[in-house]
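Here is the structure we will look at.
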Amino acid sequence: MKITLLFVGKTSDKNIDTGIDKYFNRLKRYIQFDIEVIPALKNTRSLSETQIKDKEGDLILSKLNTSDYIVLLDERGKELTSLKFADFIQKRMIQSSKNLVFIVGGAYGFSESVYQKASYKLSLSQMTFSHQIIRLIFMEQIYRAFTIINNEPYHHE
């Protein structure tokens with residue numbers, strides 16, 4: 001199995017990039033792992049929120065394969081503890097999902113076409129985070145999940 005993180009828009013904070021790189025390098029010892037960034041749309045002032053979501057949605061969908069298990073990071077998704085998230089990943093590995101794709105959308109969320117394609121919606125918190133900081137938080141949670149799966153001492157009860 002491979003895990004891909006798909007982000008809309010670049011990270012502009014070097015500290016966040018440094019943290020993401022740290023966990024990216026740690027995760028490579030557990031699983032095939034990739035990060036893809038879809039460039040943010042330009043000249044969007046004349047576009048409605050729905051038009052922006054639809055254009056971003058088309059770009060997201062163009063990066064996906066029919067065999068992908070697609071998980072949207074979405075405020076209306078299911079919240080899991082770190083242990084349950086580790087179990088979720090482990091089950092995906094056992095069920096031989098070729099590619100587990102986690103998607104962090106743009107500032108307005110996802111288009112209806114992306115929601116329809118999704119296999120699962122995951123919420124990291126009831127709080128609202130910027131789509132940049134959530135990347136680092138989520139990378140840490142993926143790393144934590146693999147340390148739980150491998151019975152390593154990183155996670156404490």
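The values are calculated or read from the model by the stated rules, or taken from the named source; none is laboratory data. None of the values given here were measured: they were computed from a predicted structure. Counting neighbours? That spans all protein chains shown, and the Cβs are built from the backbone with ideal geometry, glycine included. The protein model used for the area step is the full one, side chains on, heavy atoms only, and it has no ligands, DNA or RNA in it. Shrake-Rupley method; radii C 1.70, N 1.55, O 1.52, S 1.80 Å.
Taking a straight Cα-Cα cut-off under 16 Å and skipping sequence neighbours fewer than 8 places away in the same chain, the lysines within cross-link reach of Lys28 are Lys2.
When the stretch 6-157 is described by a simple charge dipole with +1 on each Lys and Arg Cβ and -1 on each Asp and Glu Cβ, the residue from Gly57, Gln95, Phe7 located farthest towards its positive end is Gln95. Ligands, DNA and RNA left out, the accessible area of the stretch 78-157 computed with a 1.4 Å probe is 51% carbon and sulfur. Dipole check for the stretch 1-62: with +1 at the C-beta of Lys and Arg, -1 at the C-beta of Asp and Glu, and the Cα centre as origin, the magnitude is about 260 Debye.
By the rule of a C-alpha distance below 20 Å, with chain neighbours fewer than 8 residues away ignored, the aspartates and glutamates paired with Lys63 are Asp34, Glu36, Asp54, Asp74, Glu112. A Cβ-based charge dipole, computed about the Cα centre of the chain with Lys and Arg at +1 and Asp and Glu at -1, lands at about 280 debye. For the stretch 56-62, the Karplus equation 6.51 cos²θ - 1.76 cosθ + 1.60, evaluated at θ = phi - 60°, returns couplings of 5, x, 4, 5, 4, 4, 5 Hz by residue, with Gly and Pro reported as x. 3J(HN,Hα) along the stretch 122-132, derived from phi through the Karplus expression 6.51 cos²θ - 1.76 cosθ + 1.60 where θ = phi - 60°, amounts to 10, 10, 8, 5, 7, 6, 9, 10, 5, 6, 8 Hz, with x in place of Gly and Pro.
Phi angles across the stretch 43-53 convert, under the Karplus curve 6.51 cos²θ - 1.76 cosθ + 1.60 with θ = phi - 60°, into 3J(HN,Hα) values of 6, 9, 4, 8, 9, 6, 4, 5, 5, 5, 4 Hz, Gly and Pro given as x. Taking amide H as placed 1.01 Å from N in the peptide plane, Ser123 has its amide H under 5 Å from the amide H of Asp74, Gly77, Lys78, Glu79, Leu80, each at least 5 places away in sequence or on another chain. In the structure displayed, which of Lys42/Lys98; Lys22/Lys121; Lys42/Lys91; Lys53/Lys78; Lys22/Lys117 lie more than 29 Å apart, Cα to Cα? Table pairs above 29 Å Cα-Cα are Lys42/Lys98; Lys42/Lys91; Lys22/Lys117.
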